[in-house]
Structures are given as structure tokens and as C-alpha cells.
1. Cα gyration tensor of segment 215-263, axes a ≥ b ≥ c as square roots of the eigenvalues: rounded (a/c below 1.5), prolate (a/b > b/c) or oblate?
2. Whole Å is fine, so just give me how far the alpha carbon centre of segment 165-211 lies from that of segment 23-69.
3. At most 11 other Cβ atoms within 10 Å plus a DSSP loop assignment makes a site exposed; report the longest stretch of the chain without any exposed trypsin sites (Lys or Arg not before Pro).
4. When only the heavy atoms of the protein chains count and the probe is 1.4 Å, how do Leu214, Leu166, Leu189, Leu47 rank by accessible area, highest first?
5. Rounded to the nearest 0.05, what FRET efficiency is calculated for Ala80 and Leu47 with R0 set to 22 Å and r the Cβ-Cβ distance?
6. I'd like the carbon and sulfur percentage of the solvent accessible area for segment 120-263, probe radius 1.4 Å, heavy atoms only, ligands and nucleic acids excluded.
7. Need one number: nm distance between label points at Glu230 and Glu19, each 7 Å from Cα along Cα→Cβ, rounded to one decimal.
8. If you stretched the chain out fully between Ala8 and Ala218, how much longer would it get, using 0.36 nm times the residue separation minus the C-alpha to C-alpha distance?
Amino acid sequence: MVLRVAVALTAELLRPFQEKPAQSAVITDFDGTLAPIVDNPELSDALPGTSELLDRLAAIYGCVAVVSGRPLSFLRKRLACGPGVKLRGLYGMESSREGDATEDTEAEQWRDAVSAVAARGDAEAPPGVSVERKGLTVTIHYRGAPDMAPWVERWSADQADSTGLLRHPGRMSWELVPPVPIDKGTTVLDLAHGCRAACFIGDDRGDLAAFQALDELARRGTYVLKVVVESEEVPAELLLEADVTVPGPEGAFEMLTKLAEVA
Ligand SMILES: [Mg+2]
């Protein structure tokens with residue numbers, strides 16, 4: 001078996017973006033990437049200066065986007081960016097176009113099923129397990145009660161079986177999402193369409209789809225950079241796909257700062 005080993009970020013690896021900025025896409029995840037992981041997901045926030053940095057990048061690069069599993073409304077509260085920065089919530093099920101939020105109509109049909117699962121979660125979850133309502137998706141967190149991991153896994157599997165929702169693992173959480181063909185991969189393909197260089201910065205399993213999208217773009221001749229934000233929790237399967245790693249959200253911020261330094 002050949003293991004791919006990610007390397008540290010060098011100026012050389014960023015040069016293709018800086019040489020043709022108008023034809024380059026800079027795309028990033030939010031939690032664990034722009035924002036440090038915190039015990040209460042409601043208190044998550046981007047590092048200071050992130051919004052300004054993204055605005056600077058948007059003035060330089062053809063596409064600058066944040067693609068997250070969080071709702072668009074959440075991203076808008078945490079990132080006070082101008083319209084040049086594209087925000088995609090719920091993996092791309094929610095997008096901001098000219099200031100308005102638009103939702104995928106197929107996913108929208110699952111809203112009632114998702115809220116029923118959230119209500120059952122509130123009623124049945126043991127202490128320390130929390131239910132995060134995201135509108136078209138719902139996440140069950142056990143960071144507050146790590147011993148409850150098996151309970152959350154079993155419960156979320158039952159909910160997926162009984163509703164037809166799909167279930168995805170997250171960082172100390174399980175998420176239930178509508179069974180529609182939208183993920184970070186389809187969203188990245190859409191955002192980076194026609195670009196000559198594209199990168200994605202991520203830290204979790206949901207970002208694997210974005211990396212697979214970059215692999216697809218690479219096969220079409222695009223220069224790509226798959227960046228993993230290192231932490232003790234980073235899944236091995238994501239690290240195996242990385243071209244480079246950066247040390248924590250601070251490392252991601254530093255990479256974006258370097259990208260903003262275009263002569
Ligand atoms: Mg993340």
C-alpha cells in the first residue's frame with residue numbers, strides 16, 4: 001500500500017493561484033478551519049480578522065467561498081463579508097445570491113421530517129447530548145457527554161431508517177440530512193467551474209467530498225490543492241487525501257493571508 005504523505009505549505013504551492021488570480025478559486029470550510037472547535041457549537045466563531053481577510057481575497061481571486069454544514073443564517077452572523085465572498089450553507093443546499101438566501105427545492109420537501117427528528121431528539125436525548133436545528137438538517141452532538149457516543153450512533157441510525165434521511169458522521173456528532181445529491185463536492189465543482197486553480201481547506205469527513213471534487217478537477221487539468229487543518233481529531237481518511245496540512249485554524253488563516261499577498 002502506498003500512503004500519501006502531506007507536506008507543509010510552501011510559497012511554491014500557492015504560486016499558481018497568485019499567477020492567475022482571476023481564474024483561481026479559494027474555497028474553505030468554516031468550523032475547525034476558519035473557526036476553532038469549541039464545546040458549545042453555538043459559540044463557534046471565526047478568528048478575528050477573518051471577514052476582512054476574505055473580503056481582501058475576494059477582490060483578488062475569481063472565486064472566494066465558504067462552504068459549511070452550518071445554515072447560511074449562521075454563516076452570515078459569523079462572517080460580515082461583502083457580496084464578493086460566496087457563502088454556501090448546509091453543504092450547498094443554501095446559497096447566497098445577490099444578498100438573498102435560496103434553498104434547494106428538493107431538500108426543502110424534507111423540512112418537516114427533519115424538524116420531527118429534532119423534536120424527538122429534544123424529548124429523548126440523555127443529559128449532555130444536544131440537538132442542533134439547522135432548518136433542512138439536524139445535528140446530534142455528544143461532545144458534552146462522550147460516553148453517549150454509542151447511544152447517539154444507534155439513535156441517529158434508527159431515525160435515518162424510519163424517515164429516509166441520510167446520516168453523516170461529524171466531529172463528536174451525527175447529522176441527518178435530506179437524501180438529495182448535494183454535498184460539498186457538488187458545491188465545489190459548481191463554484192470552481194472554469195477555474196485554472198482551486199483549493200479547499202477542511203478538517204472533517206464532510207470535506208472528503210470537496211477533495212474528491214478537486215481530484216475530478218485535477219483530471220480535467222486544473223491545478224488543485226487539498227489542505228487539511230491539523231488537530232488531534234482530524235480523521236485519518238481526510239489526512240490521507242491531503243496535499244498539504246496546516247497547523248490549526250491559525251495555520252489556515254496564515255495560508256489565506258499569504259494568498260492575499262499578491263504582487
Ligand atoms: Mg469543519
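1. Taking the square roots of the gyration eigenvalues as a ≥ b ≥ c, segment 215-263 is oblate.
2. Distance between centres, Cα-based: 15 Å.
3. 5-219
4. Leu166, Leu189, Leu47, Leu214
5. 0.95
6. Carbon and sulfur atoms account for 51 percent of the accessible area of segment 120-263.
7. That separation, rounded to one decimal, is 2.8 nm.
8. So the chain would gain 73.6 nm between Ala8 and Ala218.
The values are calculated or read from the model by the stated rules, or taken from the named source; none is laboratory data. These figures come from a predicted structure and were not determined experimentally. Note: ideal-geometry Cβ built from the backbone for every residue, glycine included; neighbour counts use all protein chains shown. To get the accessible areas, we keep the full protein, side chains included, count just its heavy atoms, and leave off ligands, DNA and RNA. Shrake-Rupley method; radii C 1.70, N 1.55, O 1.52, S 1.80 Å.
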